[in-house]
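The values are calculated or read from the model by the stated rules, or taken from the named source; none is laboratory data. These numbers come from a predicted model, not from an experiment. Quick reminder, even Gly has a Cβ in these numbers, built from the backbone with ideal geometry, and neighbours come from all protein chains shown. To get the accessible areas, we keep the full protein, side chains included, count just its heavy atoms, and leave off ligands, DNA and RNA. Shrake-Rupley method; radii C 1.70, N 1.55, O 1.52, S 1.80 Å.
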Amino acid sequence: MRLSKFFMPILREAPREAEIVSHQLMLRCGMIRQETSGIYSWLPLGYRVLTRIMDIIRKEQARAGSLEMLMPTIQPAELWKCSGRYDDYGKEMLRITDRRENEMLYGPTNEEMITDIVRSSVQSYRDLPLNLFHIQWKFRDEIRPRFGVMRGREFLMKDGYSFDLTAEDGRHAYNKMFVAYLRTFAAMGLKAIPMRAETGPIGGNMSHEFLILAETGESQVFFDSAFHEKDWSTFSIDYDDRDAVAKVVEEFTSMYAATEEMHDPKRFATEVPEERRVTGRGIEVGHIFFFGTKYSEPMGCTVLGPDGKEITLQSGSYGIGVSRLVAAIIEASHDDAGIVWPQPVAPFDLGLVNLRQGDAATDAASEKLYEELVKAGLDVLYDDRNDRAGEKFARMDLIGLPWQVVVGPRGIKAGTVEIKNRATGERQDVPLERVVEHMRDACMEVPA
Ligand code: ATP
Ligand code: MG
């Protein structure tokens with residue numbers, strides 16, 4: 001992509017209403033634009049990150065055996081009256097009446113709808129287990145939308161749902177998603193700590209939240225510093241191996257980690273040695289529940305078992321805050337100059353900077369490199385604009401692409417370009433003919 005043809009409305013200063021750094025940086029980089037309170041447009045740069053996050057989620061969900069589908073944003077109120085949540089949800093639910101006076105709502109979540117789909121289409125025990133997910137916009141009329149897309153009113157969520165015959169199978173479905181979430185967040189370059197959680201209005205009997213540590217997080221968290229030492233970016237897993245999956249879950253849940261609501265100071269003090277007790281703040285990026293028959297029971301979601309008897313299905317639901325993640329990643333990864341994108345979620349792999357647009361030699365070298373890098377399969381943002389060098393550097397640092405390939409007149413005379421690592425600040429002169437290979441190695445996807 002040529003910057004001269006891209007749409008990335010950079011702001012020199014962050015608008016005053018942006019309180020936290022991720023919101024400030026997203027606005028400054030032209031990633032999002034507020035349309036009204038808690039509702040945002042995603043501009044091309046922001047949408048690229050959102051897309052990369054969705055790709056990572058999809059890949060791991062597929063591995064774990066979940067099938068992607070798409071349910072609508074608008075739902076009939078009737079379904080929610082059936083589960084009993086129509087009244088419980090209160091003012092957070094956006095209620096709509098259509099021209100025929102039908103009561104509708106903009107979905108805050110999809111347990112009712114998916115249960116309705118499964119109860120009407122699945123009749124036999126042979127059709128189970130089932131695990132279905134979608135990535136769809138949700139609406140919750142939050143009292144205090146704030147921090148940009150971190151707490152919006154309309155936001156993008158991945159929500160998945162499992163259906164099983166027995167509680168034991170349901171537990172395995174839950175465990176699989178637990179592990180899939182660990183791997184999903186690790187693949188984004190994040191450490192998201194699973195914490196025992198309250199089940200809240202979704203209800204049920206087992207639940208974990210996944211939190212990223214950040215000073216601006218809305219939740220207070222208490223955990224064992226052993227989490228810091230754990231390297232979960234590399235473990236591989238066979239999702240069909242129940243014991244192996246359960247072992248990973250056990251390994252993570254045996255270490256103390258809790259949000260404020262579930263924190264037990266006594267247990268914390270007895271289980272965790274003083275020097276390992278950490279108190280901090282976190283951002284909730286994922287939340288999983290196993291709720292058994294909470295929805296299947298009232299909604300009559302049953303199948304016929306091998307003996308012809310009716311079985312009420314066991315379910316769980318599994319959410320990821322897709323749009324919130326964009327902000328959460330920035331909270332976890334930025335410096336004074338701007339965003340520092342982890343490679344897997346970066347909007348482009350690298351920025352190619354022509355330091356002297358209009359100079360025949362640098363133009364020719366930049367154009368040639370651009371063509372070769374793109375041909376090598378790299379996502380390149382090519383700064384071909386006629387701006388001062390200082391402005392170009394500041395802009396590249398601000399938008400935080402993992403690598404900057406800088407083509408300047410001096411280097412070209414020597415047959416080299418400068419490659420800068422945005423995260424470490426390290427610079428290296430690389431011969432022109434080695435740049436493509438060098439960048440391909442640097443940006444190559446880490447195999448999961
Ligand atoms: P919170 O406690 O932050 O209000 P929640 O527990 O109500 O969230 P869930 O029902 O667990 O949310 O939804 C699944 C995920 O969706 C959350 O883990 C979070 O990452 C994301 N999410 C929830 N509410 C919002 C929101 N208003 N804006 C952006 N993302 C959200
Ligand atoms: Mg939650």
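Convert 25 °C to kelvin, take the viscosity as 0.890 mPa s, use the Kirkwood radius over C-alpha pairs of the stretch 298-430 as Rh, and evaluate the Stokes-Einstein diffusion coefficient in µm²/s, rounded to a whole number.
Stokes-Einstein gives a translational diffusion coefficient of 138 µm²/s.
Specify the inter-centroid distance of the stretch 347-387 and the stretch 31-110, based on alpha-carbon positions, in whole Å.
Measuring centre to centre over Cα atoms gives 39 Å.
Quick one: helix 360-375 against the long Cα principal axis of the chain, what's the angle to the nearest 10°, folded into 0 to 90?
It is inclined by approximately 30 degrees.
Say the dipole of the stretch 199-305 comes from +1 at the beta carbon of Lys and Arg and -1 at that of Asp and Glu; which of 256, 227, 289 then lies farthest toward its positive end?
Checking the options against the dipole of the stretch 199-305, the answer is 289.
Extending each Cα 7 Å along its Cβ direction at residue 120 and residue 433, get the distance between those two points in nm, one decimal.
Label at residue 120, label at residue 433, 6.7 nm between them.
To the nearest 10 Å², what's residue 21's accessible area with a 1.4 Å probe?
40 Å²
Compute the FRET efficiency between residue 279 and residue 376 as 1/(1 + (r/R0)^6), taking r as their Cβ-Cβ distance and R0 = 60 Å, and round to the nearest 0.05. Don't jump to the answer; show the numbers that get you there.
Details: r = 47 Å, r/R0 = 0.78.
Taking R0 as 60 Å, the efficiency between residue 279 and residue 376 is 0.80.
Over the chain, give the accessible area per residue in Å² for a 1.4 Å probe, as an integer. Before the final figure, lay out the partial values.
Working: 20620 Å² over 448 residues.
Averaged over the residues of the chain, the accessible area is 46 Å².
Note the angle between two axes, namely the Cα long axis of helix 44-63 and the longest principal axis of the Cα atoms of the chain, as a number of degrees from 0 to 90, rounded to the nearest 10.
That helix lies at roughly 50 degrees to the long axis.
State which entries of 176/294; 59/230; 158/375 exceed 27 angstrom in Cα-Cα distance in the structure shown.
Beyond 27 Å between Cα atoms: 158/375.
Under the rule of at least 5 residues apart or a separate chain, name every residue whose amide H is placed under 5 Å from the amide H of residue 422.
Placed amide hydrogens put 403, 404 under 5 Å from residue 422.
Which of 89, 181, 106 moves most in a GNM of the chain, Cα contacts under 10 Å?
89
Which of these, 360, 246, 197, has the largest mean-square fluctuation under a Gaussian network model of the chain (Cα springs below 10 Å)?
Maximum among the listed residues: 360.
When the chain is modelled as a GNM with alpha-carbon springs shorter than 10 Å, which of 193, 74, 320 fluctuates the most?
74
Measure off 7 Å from each Cα along the Cα-to-Cβ vector at residue 410 and residue 69, then give the distance between these two points in nanometres to one decimal.
Once both label points are built, they end up 6.2 nm from each other.
So if we plug the beta-carbon distance of residue 87 and residue 260 into 1/(1 + (r/R0)^6) with R0 = 25 Å, what FRET efficiency do we get, rounded to 0.05?
For R0 = 25 Å, the calculated efficiency reads 0.35.
Please report, as a whole percent, how much of the solvent-accessible surface of the chain comes from carbon and sulfur atoms (probe radius 1.4 Å). Please report the intermediate quantities before stating the final value.
Values: 9910 of 20620 Å².
Carbon plus sulfur share of accessible area: 48 percent.
Find, among the chymotrypsin sites (Phe, Trp or Tyr not before Pro) in the stretch 259-328, those assigned to loop by DSSP (not H, G, I, E, B) with at most 13 other beta-carbon atoms within 10 angstrom.
Numbers: sites: 268, 289, 290, 291, 295, 318; in loops: 295.
Loop-located and lightly packed - none at all.
Apply 1/(1 + (r/R0)^6) to the Cβ-Cβ distance of residue 310 and residue 143, taking R0 = 35 Å, and write down the FRET efficiency to the nearest 0.05.
According to the calculation, E is roughly 0.25.
About the Cα centre of the chain, how large is the charge dipole given +1 on each Lys and Arg Cβ and -1 on each Asp and Glu Cβ? Please answer in debye to the nearest 20. It would help to have the intermediate numbers written out before the result.
Numbers: 56 positive and 70 negative charges, 223 e Å.
Dipole size: approximately 1080 debye.
Given labels modelled 7 Å from the Cα in the Cβ direction, how far is it in nm from residue 54 to residue 127?
Rounded to a tenth, the inter-label distance reads 2.8 nm.
In terms of the Cα gyration tensor, with a ≥ b ≥ c the square roots of its eigenvalues, is the chain rounded because a/c is under 1.5, prolate because a/b exceeds b/c, or oblate?
Taking the square roots of the gyration eigenvalues as a ≥ b ≥ c, the chain is prolate.
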